[in-house]
1. Across the range A:51-64, which residue is surrounded by the most Cβ atoms within 10 Å (Cβ to Cβ) among those that are within 7 Å of chain B (Cβ to nearest Cβ) and touching a helix residue (DSSP H, G or I) at 6+ places or on another chain (Cβ under 7 Å)?
2. Regarding A:LEU48, is this residue at the interface with another protein chain (Cβ under 7 Å from one of its Cβ atoms), assigned to a helix (DSSP H, G or I), over 10 Å from the mean Cα position of the chain (by Cα) and of a type outside the set (Gly, Ala, Ser)?
3. Restricting attention to the range C:27-42, and to residues there that are within 19 Å of A:PRO29 (Cβ to Cβ) and touching a residue at least 24 places away in the same chain (Cβ under 8 Å), which single residue is surrounded by the most Cβ atoms within 10 Å (Cβ to Cβ)?
4. How about the range C:4-26: which of its residues are among the β-branched types (Val, Ile, Thr) and surrounded by fewer than 20 Cβ atoms within 10 Å (Cβ to Cβ)?
5. From the list A:SER42, A:SER7, pick out the single residue that is of a type in the set (Ser, Thr, Tyr) and over 26 Å from B:THR23 (Cβ atoms).
6. Got a sec? Which of A:ALA14, A:ALA24, A:ALA36, A:ALA18 is more than 9 Å from chain C (Cβ to nearest Cβ), surrounded by fewer than 24 Cβ atoms within 10 Å (Cβ to Cβ), assigned to a helix (DSSP H, G or I) and without any contact (Cβ under 8 Å) to a residue 40 or more places away in the chain?
7. Can you tell me which of C:VAL75, C:VAL24 is assigned to a helix (DSSP H, G or I), β-branched (Val, Ile, Thr), more than 24 Å from A:ALA17 (Cβ to Cβ) and modelled with pLDDT of 85 or more?
Amino acid sequence: MSPFLLSVALVLMAGIAAGLIRVAIGPTPSDRMMAAQLMGTSGIGVILLLAPVLAVPALIDVALIFSLLAAVAVTAFTRRRITNDGD
Amino acid sequence: MNALLTVFDLLLTLTLLGLALVTVTSREPRRAVILFIAFGLLLALVWARLRAPDLALAEAAIGAGLSGALMLAAARRASGRRTSPAEGSDAEDAP
Amino acid sequence: MDAVQLLSGAFLLVGAFFFIAGTVGLIRLPDRFSRLHALTKADNVGLGFIVLGLMPLAPDLFYGLKLVLVWLLVVIAGATGAHLIAKRALRGDGEDVL
């Protein structure tokens, strides 16, 4: 089963590498943020698949942190700019 | 199994290097910050691959999450301070 | 290779397919809202099938619950992020207008 899990992780890794194109060329910052979000989700998938392959069950906590911080990054990104420089 | 793992490592390293290169050479601050967040995610993936879940936790939480959010706020303030229209934030991706 | 492993492998393949479709959509689709649509499909359904496929391989119950928790968090974060990005793109807050 382990080589199969690793090949699925390899496919997801190729997806991350392809998403890098959109992060690099994306015309607007929103596109970049979306691609970064997809990279994060694919990274969660890769980590979940690597945990049984490498026999390190603690990796699932890393996936939990990934999923928590994806929301933080997007929320920080979409906050409005303060127009008056009062603060 | 080992060959697959080698291919995986190679792909991960090449992606990381390419991302680092794009991050360092990007001129616009917010673009660099978003690329930095993606870089932190991939670096956490590298630590996970090296069987170091504690380092991966720290990298994902501090490197990608918190400092990414802080730097996004800083980049927004920095682009808000600019006065000349030539470098305003509307010219995001000026060549 | 029993039936459970076969089922798990099929779920993993479907999940990987959704991830590929989402990535291709993110690169190829023309405008921002279609790209957002492709992204959320890959997020929710793709990771859902991956988690479903990994569930029979979980060593104990707690691990399986953590897998479900990861998926739930990703779904919540994906929905919130998609709404925020779409609203911001619709309003055009002065920094993101095309």
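The values are calculated or read from the model by the stated rules, or taken from the named source; none is laboratory data. What you see is a predicted model; the values in this text were computed from it and never measured. Here the Cβ is made from the backbone with ideal geometry for all residues, glycine too, and neighbour counts use every protein chain on show.
1. A:VAL62
2. Spelling it out, A:LEU48 is indeed at the interface with another protein chain (Cβ under 7 Å from one of its Cβ atoms), assigned to a helix (DSSP H, G or I), over 10 Å from the mean Cα position of the chain (by Cα) and of a type outside the set (Gly, Ala, Ser).
3. Ranking the candidates gives C:LEU39 first.
4. C:VAL4, C:VAL14, C:ILE20, C:VAL24
5. A:SER7
6. The conditions single out A:ALA24.
7. After applying the criteria, what remains is C:VAL75.
Residues are listed down the side, and each one gets a yes or a no for (1) at the interface with another protein chain (Cβ under 10 Å from one of its Cβ atoms); (2) surrounded by fewer than 17 Cβ atoms within 10 Å (Cβ to Cβ); (3) of a type in the set (Lys, Arg); (4) not in a helix (DSSP H, G or I):
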site	(1), (2), (3), (4)
B:LEU11	yes, yes, no, no
B:LEU17	no, yes, no, no
B:ALA20	no, yes, no, no
B:VAL24	no, yes, no, no
B:LEU45	yes, no, no, no
